[in-house]
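Below is one structure, written out as structure tokens, with a few remarks after it.
The values are calculated or read from the model by the stated rules, or taken from the named source; none is laboratory data. In this text, all values refer to a predicted model and were calculated from it rather than measured experimentally. Every residue, glycine as well, gets a Cβ built from its backbone with ideal geometry; the counts of neighbours run over all protein chains shown. SASA here: full protein model, heavy atoms, side chains in, ligands and nucleic acids out. Shrake-Rupley method; radii C 1.70, N 1.55, O 1.52, S 1.80 Å.
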Amino acid sequence: FFFQAEDGIRDFCLSRGLGDVYKRQVYTFAEDLCISGGYYLLSLGDKAYADGSSLVGGIGSVIGHADDWRLFRRYYVDTELITTGERTFAAAMANLTQEAPQEKRESSRQMLQSLVEDTHKKFVEHVEAHRKDKLKVPQEEKTDSIYSGDVYAGRRALELGLIDGIGTYQETLKKLFPEARQVDFTKQTFWERLDDFMYGISVRTSVENALVGQVLGRVRSGLWSANKK
């Protein structure tokens, strides 16, 4: 969940940008599983929260491969891969099978290992950029602890500085902003759904939009007058 104080923007990229520009706080929340790419998003917030039983972290990178050539051979399944070169990702994955020559297997494994390490490096840089001052692990120990791909329960993640607090987004926002009115953007009235249908199905000119708006306004006014009578 992403919440931005004083703003209704829901896209995390836009929220982050406007949060920086207008000095607004972006709050991110984890419920159950928030590892790897999930934590990548969670760490974007100025304040990050998770439930006490949430699983948080997994700051690592992995590529999986199933060597299924024996299964294919058993059931007489032939495969053919057409690529622009042997250095493509698909070709590298295909060359990991035991049928591929040893030289190709080693070359592909080195290429994929380099890709995994580069992705992990980018992940670490991202976390450092967003939570460096909040992490409670000595710099020399980070590689063997939080940057090793380990996963932590919510309370342990709080101790390590991976998050800023424990709690669900409902209770946390109610505690931080007791006077604020929370709006659920997933719930729409009939008129809002009708507006979305009229405006969102096809691209209209500004004149068409104005006409549609006038029609909807008159319909609403007519229903209101009828209800009053």
Inset, instruction - May I ask you to rank S114, S43 by accessible area, largest first, using a 1.4 Å probe over the protein chains only? - result: S114, S43
Inset, instruction - Considering only protein heavy atoms, with the full assembly of protein chains and a 1.4 angstrom probe, order K134, K122 by accessible area, largest first. - result: K122, K134
Inset, instruction - Report the net charge of residues surrounding T79, where surrounding means a beta-carbon distance below 15 angstrom and charges are Lys +1, Arg +1, Asp -1, Glu -1. - result: -2
Inset, instruction - Could you go through the stretch 96-110 in sequence order and give the Karplus-derived ³J(HN,Hα) for each residue, using 6.51 cos²θ - 1.76 cosθ + 1.60 with θ = phi - 60°, rounded to whole Hz, and x for Gly and Pro? - result: 7, 6, 5, 6, 6, x, 4, 5, 5, 4, 5, 5, 5, 5, 5
Inset, instruction - Order the following by accessible area, largest value first: T79, T88. Probe radius 1.4 Å; ligands, DNA and RNA are ignored. - result: T79, T88
Inset, instruction - Under 1.5 on a/c is rounded, so check that first for the stretch 59-163, then, if it is not, pick prolate when a/b is larger than b/c and oblate when it is not; a ≥ b ≥ c are the square roots of the alpha carbon gyration tensor eigenvalues. - result: prolate
Inset, instruction - Give me the distance in nm between label points sitting 7 Å out from Cα along the Cα-to-Cβ direction at W69 and A90, one decimal. - result: 1.9 nm
Inset, instruction - Could you please report the charge total around A48, scoring K, R as +1 and D, E as -1 over all other residues with beta-carbon less than 11 angstrom from its beta-carbon? - result: +1
Legend entry - Protection proxy ranking, peptides 61-71, 44-54, average beta carbon neighbours within 10 Å, highest first: 44-54, 61-71
Inset, instruction - Could you please report the charge total around E99, scoring K, R as +1 and D, E as -1 over all other residues with beta-carbon less than 11 angstrom from its beta-carbon? - result: +2
Legend entry - Entries in K47/K122; K121/K142; K47/K132; K47/K142; K132/K175; K47/K175 that, when Cα-Cα distance is taken, lie over 23 Å: K132/K175
